[in-house]
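No lab work stands behind these numbers, since they all come straight from the coordinates. Source: prediction; values computed, not measured.
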Amino acid sequence: MLPDLTRRITAVATSVVTLVTGLAVLFNAFVAEVTPSLPDGWQDNAAAIGAAVTSVLLIASRAVRRVTAVPTEERGLLPPPT
């Protein structure tokens, strides 16, 4: 049971969704810390850049999901046991 739990934790920790979420958190923290010290108007630019980055990442993940064929029996967090 413990090796299976370790494999699940590894699968979640190394997934693209987890990495993109981490990057989004870091970007938001950067924007929150840096933009107040920049001249007026930069906050709007930072929000626009953040929205652009988010939309590109969402579109890319959607495109990859559409073109990657996964058989029904192999869907899920871990591949079926052999």
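Between A47 and V67, the contour length at 0.36 nm per residue exceeds the Cα-Cα span by 4.2 nm. Note the listed values [x] 19, 53, 26, 2, 0; [y] 18, 37, 20, 13, 10, 3, 0; [z] 14, 32, 26, 17, 9, 2, then indicate which one is P(r) over Cα pairs in 10 Å bins from 0, in percent calculated from this particular structure. From the options [x] 19, 53, 26, 2, 0; [y] 18, 37, 20, 13, 10, 3, 0; [z] 14, 32, 26, 17, 9, 2, the structure gives [z].
Mean residue ellipticity at 222 nm, helices only, the chain: -23500 deg cm²/dmol; runs of at least 4 DSSP H residues each add -39,500 (n - 2.57), and the sum is divided by the number of residues.
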